Amino acid sequence: MNAELDSETLNVLRKDPLQTALTATALTDFYIAKQFPDNKALITSVDFDITGTHCITTSRDESLRIYDCASGVREQVSYSKKYGCNLAQFTAQPG
């Protein structure tokens, strides 16, 4: 283990070794992994389904977009012009 990890970070990692502690060092390793060029408006939320195969975004143009995570291809676009959309989430169970 890295010597610079504090006790709070170590406790997080002990509880769930797959969980990443959000430290200053970890933040410097982040980079832009995916851009959504078809979405010109500001994206307000992103969520992934329980299997990690799909992602949904909402944006200020009142659109919901579903993407295939493996291919990075947009699969569907829906607009909610009457009610708008701000925070889309997948349900806990697939199907």
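The values are calculated or read from the model by the stated rules, or taken from the named source; none is laboratory data. Since the model is a prediction, treat every value here as computed from it, not as a measurement. Glycine gets a Cβ as well: all are built from the backbone with ideal geometry, and neighbour counts include every protein chain shown. What goes into the accessible areas is simple: the full protein's heavy atoms, side chains included, and nothing from ligands, DNA or RNA. Shrake-Rupley method; radii C 1.70, N 1.55, O 1.52, S 1.80 Å.
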Practice prompt. Among residues belonging to the stretch 3-36 that are in a loop (DSSP other than H, G, I, E, B) and among the aliphatic types (A, V, I, L, M), point out the one that is modelled with the highest pLDDT.
Written response: Ile32
Discussion item. So Asn39 ticks every box in (1) open to solvent by less than 50 Å² (accessible area, probe 1.4 Å); (2) modelled with pLDDT under 75 but one. Which box is left unticked?
Written reply: (2)
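Do you know which residues across the stretch 56-95 are part of a loop (DSSP other than H, G, I, E, B) and touching a residue at least 24 places away in the same chain (Cβ under 8 Å)?
The initial filter retains those residues of the stretch 56-95 that are part of a loop (DSSP other than H, G, I, E, B), namely 60-62, 69-73, 80-95.
Gly72, Cys85, Asn86, Leu87, Ala88, Gln89, Phe90, Ala92, Gln93, Pro94 - these are the residues of the stretch 56-95 that are part of a loop (DSSP other than H, G, I, E, B) and touching a residue at least 24 places away in the same chain (Cβ under 8 Å).
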Discussion item. Just the residues that are over 14 Å from Ile43 (Cα atoms) and either of a type in the set (Asp, Glu) or open to solvent by less than 50 Å² (accessible area, probe 1.4 Å) (or both), please, taken from the stretch 61-77.
Written reply: Asp68, Gly72, Glu75
